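Trainee: Attaching a single structure in structure tokens format; questions to follow.
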Amino acid sequence: MEKSIDFEEKRRFIIKLGKALHKFGTPAYRLEAHLHNVSIFLGLDSCFLITPTSLTFVLSETDDEQEYAHVIRVSPGELDLGSLARTDELVDELSSGQRTLSESIKRLDEIEKKPTPYGRFLTFLAFGGSSGAFAMLMHTSWNDVFWSAILGLVVYLFVLWSEFSRRVTDMLEPISALTVAILASAITLIDPSLNTSLVILSSIIAFIPGLALTLGLSELAARNLISGTARIMDALMSLFKLYFGGFLGLAIGRLMWGEVEMVQSTFIPSWTAWLAVTVLSVSLVVQFKARLKDAPWGIVSGYIAYGASVWAALFLGGPLSAFVGAFALGIYSNLFSRITNLPSSVVKLLGLVVLVPGSKVYIGLNTAVSGQNMLNSYDLGSQTFLIFMSLVAGLIFSNVAFPPRKIL
């Protein structure tokens, strides 16, 4: 009887840990490996099948043929780097004997219920900051940067509304893109220098699934085919919904306000890219809910990723420079893992956002549908594919050259 109770507590912890880490945005192949290691520590035989929308656990004690299976349907997780770090520390405390299993289960409940550390007002500012920073990275005009930041704040109002309305949650991406597209069309009446398409893209940049596409490709590279395929398809559908909302909003805007001929304005200087990386990195710390003590490491990861890719672009060209940026980011994040004994993803994901070409996928979609090129760039399809592959390869090579301490 005592043995049965002990097994029940172990499997409760494993299942609750898996659900929590999935909720905090952990990729499937890393989550499965981590759960397997924890199961071995607890003296359990285990098998896991993780996808973005389902979790399957099969557990048994090593000297018992009886198995316990648990299957649950879940929603795709959202990045919460602070909770991810706390959960990893909890597992360390359990393995070192500082906590019992029952205490660990209670602590997991506390971590899941912990409110966002930055509050709604800072998150509101972070949405505007990330939108303005992205426009700045595109080397557009200061007018575009200003209006992108303002419309980014409008997008967060829909995020806030979605917390209280299931219907808004289900259509959050298209209704946000639709609204900012209509507003951007109206703004051209008072500011004809506005690059409407670029401002719309910048405003909804928080929803552009570039990071999800990169993680999906990483899962495919790790041969986790089901989860990788599901994540990529989910990201593509999000992209289609965003583009349709923006396309429809522009059409409605033209009907309501008419079409204003664009007046070319002065582009911002190139040095502002570093300011943009700073603002973007700080905004991502808030949006990804990283802890304050980990925030400086995360901000530096943005500098390293961007700086390495800019330097490499001088010798290798744009797409392949992403490989160097990802490699440098991987080495840095693995060094962070060794120094702090935390998962490398706590800072890696913050820097990776600076490199991922999700915006180019959106721009390529716009070119294919409308025939208009937003940034006068060509071969976007091949460039985007090369950048994605370079990012995945750079992260893989960095893990081989300098392995991380933690699986997560």
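The values are calculated or read from the model by the stated rules, or taken from the named source; none is laboratory data. All values reported here derive from a predicted model rather than from experimental measurement. Neighbour counts are summed over all protein chains in view; Cβ atoms, including those assigned to glycine, are modelled from backbone coordinates with ideal geometry.
Trainee: Just to be sure I understand, how many residues within region 190-222 are assigned to a loop (DSSP other than H, G, I, E, B), modelled with pLDDT under 90 and touching a helix residue (DSSP H, G or I) at 6+ places or on another chain (Cβ under 8 Å)?
Mentor: Residues flagged as assigned to a loop (DSSP other than H, G, I, E, B), modelled with pLDDT under 90 and touching a helix residue (DSSP H, G or I) at 6+ places or on another chain (Cβ under 8 Å) within region 190-222 amount to 7.
Trainee: Something else about it: Please determine whether any residue of region 46-67 is more than 19 Å from the chain's Cα centre (by Cα) and within 15 Å of I407 (Cβ to Cβ).
Mentor: Scanning region 46-67, I find at least one residue that is more than 19 Å from the chain's Cα centre (by Cα) and within 15 Å of I407 (Cβ to Cβ), so the answer is yes.
Trainee: While we're looking at this one, here's another question. Consider region 155-181. How many of its residues are in a helix (DSSP H, G or I) and surrounded by fewer than 17 Cβ atoms within 10 Å (Cβ to Cβ)?
Mentor: Let us first name the residues in region 155-181 that are in a helix (DSSP H, G or I), namely 155-162, 166-170, 172-181.
Narrowing the set further to residues that are surrounded by fewer than 17 Cβ atoms within 10 Å (Cβ to Cβ) leaves 157, 160-161, 166-170.
Going through region 155-181 one residue at a time, the tally reaches 8.
Trainee: Let me spell it out: the conditions are (1) outside any helix (DSSP H, G or I); (2) in contact with a Phe, Trp or Tyr (Cβ under 9 Å, 6 or more places away or on another chain); (3) of a type in the set (F, W, Y), and F124 meets all of them except one. Which number is the exception?
Mentor: Failing condition for F124: (1).
Trainee: Suppose we keep only residues that are in contact (Cβ under 8 Å) with a residue 24 or more places away in the chain and in a loop (DSSP other than H, G, I, E, B) within region 263-288. Which one would you say is farthest from L355 (Cα to Cα)?
Mentor: So the residue we want is V263.
Trainee: Among I232, I252, I226, which is the only one that is in contact with a strand residue (DSSP E or B) (Cβ under 8 Å, 6 or more places away or on another chain), surrounded by fewer than 22 Cβ atoms within 10 Å (Cβ to Cβ) and modelled with pLDDT of 85 or more?
Mentor: I226
Trainee: Which condition breaks for D88 when tested against (1) within 25 Å of L349 (Cα to Cα); (2) assigned to a loop (DSSP other than H, G, I, E, B); (3) charged (D, E, K, R)?
Mentor: Looking at each condition in turn, D88 falls short on (2).
Okay, residues lined up against (1) over 30 Å from A206 (Cβ atoms); (2) exposed (fewer than 12 other Cβ atoms within 10 Å of the Cβ); (3) in contact with a Ser or Thr (Cβ under 6 Å, 6 or more places away or on another chain); (4) in the same structural domain as I226 (by TED's automatic domain parsing):
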residue	(1), (2), (3), (4)
K16	no, no, no, no
H22	no, no, no, no
R30	no, no, no, no
H34	no, no, no, no
L49	yes, no, yes, no
V71	yes, yes, yes, no
G77	no, no, no, no
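Trainee: Any residue that is in contact with a Leu (Cβ under 7 Å, 6 or more places away or on another chain), surrounded by 14 or more Cβ atoms within 10 Å (Cβ to Cβ) and of a type in the set (A, V, I, L, M) - is there at least one of those in region 115-132?
Mentor: no
Trainee: I'd like to know if region 228-247 contains one or more residues that are touching a Phe, Trp or Tyr at 6+ places or on another chain (Cβ under 8 Å) and under 30 Å from I396 (Cα atoms).
Mentor: Yes - at least one qualifying residue is present in region 228-247.
Trainee: Also, quick follow-up: For the structure I just gave you, tell me whether I187 is within 30 Å of D6 (Cβ to Cβ) and either among the β-branched types (V, I, T) or surrounded by fewer than 21 Cβ atoms within 10 Å (Cβ to Cβ) (or both).
Mentor: No.
Trainee: Return yes when A69 is aliphatic (A, V, I, L, M) and assigned to a strand (DSSP E or B) and no when it is not.
Mentor: So A69 fits the description; yes.
Trainee: For region 71-105, how many residues meet the condition of being more than 28 Å from the chain's Cα centre (by Cα) and of a type outside the set (A, V, I, L, M)?
Mentor: Looking only at that region, the number is 8.
Trainee: Taking region 137-152 on its own, how many of its residues are at pLDDT below 90 and assigned to a helix (DSSP H, G or I)?
Mentor: Number of matching residues: 1.
Trainee: (1) more than 20 Å from F385 (Cα to Cα); (2) touching a Lys or Arg at 6+ places or on another chain (Cβ under 9 Å): which one isn't true of G307, the others all being true?
Mentor: So G307 meets the others, but not (2).
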